[in-house]
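To keep things clear, I will list the structure first and then write my remarks on it.
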Amino acid sequence: MSAPILQVAHLTKRFGNLIALNDVSLEIREGELFSIIGPNGAGKSTLFFNIIGLQKPDAGQILFRGMDITGKPPHKICDLGITCTFQVPRAFASMTIEEAIRVGAYKRYGERDVARKVDEVIALCDLEEHRRQRCCDIGLSLLRRVELARALATEPMLLLLDEAGAGLNPTELTELMTVLRRLNEEQHITLCIVEHVMQMVMGLCQRILVLDYGEVIAEGSPQEISTNPRVIEAYLGKGAVC
Amino acid sequence: MTDTLIQNLLNGALTGCIYALIALGLSLIFGVMNVVNFAHGDLVMVSMYLTFWIGLGTGIDAAITPLLTFPLLFLIGLLVYYAIIDRTLRQRYVTQIAVTVGLMTFLRALAQLIWKAQPRALPYSLIQGSIQIGSYTILASRLVSAAVSVLVIFGISLFLSRTWAGRAIRAASDDLDAASLHGVDFRQTYALAFGLGSALTAIAGGLLMTFQQVDPTMGVRFGLLSWCVLAMAGLGSIPGLLISGVIVGAAEAMGMSLWDPRARSLVIYLLFILVLWLRPRGLFGRK
C-alpha cells in the first residue's frame, strides 16, 4: 500500500448553528483514484474548500504528505501541489482560453517555458482549436475542460474535482473519464473527485467515502458502497432497504 | 464663435487624456480589489506638489520629474495598501469608504500644512511654445501631456495583457478564488495593483504641472472626475477609458465656453448622471 498523500483528521466546520462538517477524517493514498459522494448538502464542497484553503476549519487538521496545511492560503497550497476545479466553472471571463491556462502555468514556469507547458496541457485536454476563444463565450463542457487544463498547468500532485461530470452528455463523460484515467496512470496525479454521476464514480474510482449531514457514514470499494445499507438509506430514505 | 468652441474642444480633449490616465489608476484599484478609493485624486494633488517641490529645489523639469515621483508614488501606494487597505478588505463597504475618505482628508491637511493654502505653479516648463493648425493654437505642453498619457495608457494595457504580473492582476479581478487556487498570491497582486494605480498619478501630476497650478483642495476634483470617467467607461475596457476621458474633458471645455466657466463641474456631472441612468454598466463596460 502506498503512502498517504492527504490526511484529514477530525475536521469540523460550522456556519453559525449549522455544522457543515462534523469530525470528518479521511486518508487519500498516493496515486489513488478516490471519490467523495453524498446527497446534496452533505458537506462535500465545504470539505474541498477547507482542504484547498478557501475556508478555514473550526477544528481538526489537514496534512499533505505529512505537512500541516490547515488554514494555509490557497496559493501556498497550490505551491505545494494541490489544486481543484469548481462545481460551477469559474474560468477567467476576460481572458482567452490560452491565457487562462497560462495563469496556472506561471506557478511553476518562467516566461520562457510557460508557452511549452500551455501547449502540452492544451494538447492533453484537446483544446487546440479553441485556444483563442474567450472564456466568457464558451459552453459548459468546454469550460470544464478549460478548468481542468488550467488546474493541470499548475502541475498538481493531488487534483480535486468538484462535480466535473455534471451536465456532460454520455460521450463527453466517457472522454473525461479517459482523460482522468490517463492523468492518473501517466502523470501519477492523485485524483479526488466529488461526484453525483455514479457512472463516473463507480467506473473510475478505487475507494469511495460517503458523507451525509457533514459526517462520514461509509468508506470502501465501489462494491462495498453500493451494497451498504446506510448509504442506500442516506440516498433513498429509511425503508428503502428491505 | 465656432472657432473658439473648436479651440476649447481641442484643449478639453487633450486634457481629457490626462483624466483617462488618472482614471486608469483608479480602475486598476477598483476593478481588481473592489475598493472605492476616494483618496486617489489627492494622490494626484500630492504628485503635483512633489513635482513642484522637486522642480523648485533641483530645477528638474515637471515633464521629467515622473521618473522620480513614479517610484515614490508606487512606494506610497504600497504603504497605503499594507497599512490601511489590506486591513479593511473583509470589512463592510462603509468601513472602506471611511478609511479612504480619511486618507483623502489627511493628505489635503498635510498639503495645507506643508505647502500653505495657496496655488503654486512652476515658473517654466521645458516644453515651450505652441503649434498652429489652421486657425487653432495648441499649446505644446498640452499636446505632449496628452501624447504621453496615451502612450502610458497603451503601455499599461500591454503590461496587463502580456506579462505574468499583468495576467495575475486580471485573473484576480475576474475571480479571486480561482486565481489564488492557481497560484496567484492575492495580497501581493493587490499591493501591486494599488502601487501601480497610485504611481500613475505621479505621471499625471507631472504632466499637469507643465501647464497648470496646484492647490491643496484640487484632489477632490480629480478624484470625483476620475470616478466619472471610470463610471462612464465601465469596467474592463482600457480604450473605453481613454474615450470617456476625452468626452469628459471635451464636455468640461464645452460647458465652460458655451455656458459659464463656473459650470464646468455641472456639465460633467450632468453627463455622468445621464450615462448612469441610460446605461448603468458604462459605455464600454462588460456585462
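The values are calculated or read from the model by the stated rules, or taken from the named source; none is laboratory data. Predicted model only: the values in this text are computed from it and were never measured. Cβ sites come from the backbone with ideal geometry, for glycine too, and all protein chains shown count toward neighbours. Keep in mind that these areas ignore ligands, DNA and RNA; they rest on the heavy atoms of the full protein, side chains included. Shrake-Rupley method; radii C 1.70, N 1.55, O 1.52, S 1.80 Å.
Every residue in the stretch A:101-113 that is outside any loop (DSSP other than H, G, I, E, B) and at the interface with chain B (Cβ under 8 Å from one of its Cβ atoms), please.
Matches in the stretch A:101-113: A:Arg102, A:Val103, A:Gly104, A:Glu111.
Does A:Glu224 satisfy the condition of being without any contact (Cβ under 8 Å) to a residue 60 or more places away in the chain and over 16 Å from A:Thr85 (Cβ atoms)?
yes
What's the total number of residues in the stretch A:73-116 that are over 18 Å from the mean Cα position of the chain (by Cα), crowded, with 18+ Cβ neighbours inside 10 Å and basic (Lys, Arg)?
Count: 2.
Out of the residues in the stretch A:41-72 that are of a type in the set (S, T, N, Q) and open to solvent by 10 Å² or more (accessible area, probe 1.4 Å), which is nearest to A:Arg145 (Cα to Cα)?
A:Ser45
Which pairs do you get when a residue that is within 12 Å of B:Met33 (Cβ to Cβ), found in the stretch B:71-89, comes within reach of a residue that is among the basic types (Lys, Arg), reach meaning Cβ atoms under 7 angstrom, with the pair 6+ apart or on two chains?
B:Asp86/B:Arg187
For the stretch A:171-219, which residues satisfy the criterion of being of a type in the set (Ser, Thr, Tyr) and closer than 22 Å to A:Val24 by Cα?
Matches in the stretch A:171-219: A:Thr190, A:Tyr213.
Being in contact with a helix residue (DSSP H, G or I) (Cβ under 6 Å, 6 or more places away or on another chain), among the aliphatic types (A, V, I, L, M) and at pLDDT 95 or above narrows it down to one residue among B:Leu72, B:Leu28, B:Leu78; which is it?
From the options B:Leu72, B:Leu28, B:Leu78, the qualifying one is B:Leu78.
Which of the residues spanning the stretch A:216-242 are at pLDDT 85 or above and of a type in the set (D, E, K, R)?
A:Glu219, A:Glu224, A:Arg230
Of everything in the stretch B:36-66, what is small (Gly, Ala, Ser), more than 15 Å from B:Leu208 (Cα to Cα) and part of a loop (DSSP other than H, G, I, E, B)? Give them in sequence order.
Correct list: B:Ala39, B:Gly59.
Restricting the first residue to the stretch A:183-195 and requiring it to be under 18 Å from A:Ile208 (Cβ atoms), which pairs with a second residue that is among the aromatic types (Phe, Trp, Tyr) meet a Cβ separation below 9 Å and a spacing of at least six or different chains?
Close Cβ pairs satisfying both conditions: A:Thr190/A:Phe34; A:Leu191/A:Phe34; A:Cys192/A:Phe34; A:Cys192/A:Phe48; A:Ile193/A:Phe34; A:Val194/A:Phe48.
For the stretch B:208-222, name all the residues that are open to solvent by 10 Å² or more (accessible area, probe 1.4 Å), within 19 Å of B:Ile97 (Cβ to Cβ) and not aliphatic (A, V, I, L, M).
B:Arg221
Which residues, taken from the stretch A:157-172, are out of contact with any helix residue (DSSP H, G or I) (no Cβ under 7 Å at 6 or more places or on another chain), surrounded by fewer than 23 Cβ atoms within 10 Å (Cβ to Cβ), of a type outside the set (Ser, Thr, Tyr) and on the phi < 0 side of the Ramachandran plot?
Answer for the stretch A:157-172, where residues must be out of contact with any helix residue (DSSP H, G or I) (no Cβ under 7 Å at 6 or more places or on another chain), surrounded by fewer than 23 Cβ atoms within 10 Å (Cβ to Cβ), of a type outside the set (Ser, Thr, Tyr) and on the phi < 0 side of the Ramachandran plot: A:Met157, A:Ala166, A:Asn169, A:Pro170.
Filtering the stretch B:208-264 down to residues that are among the polar types (S, T, N, Q) and part of a loop (DSSP other than H, G, I, E, B), which residue is nearest to B:Gly12 (Cα to Cα)?
Per the criteria, the residue is B:Gln212.
In the stretch B:131-192, which helices (runs of 4 or more DSSP H) lie fully inside it and hold 3 or more residues that are within 17 Å of A:Lys107 (Cβ to Cβ) and more than 8 Å from chain A (Cβ to nearest Cβ)?
Hits in the stretch B:131-192: B:164-174.
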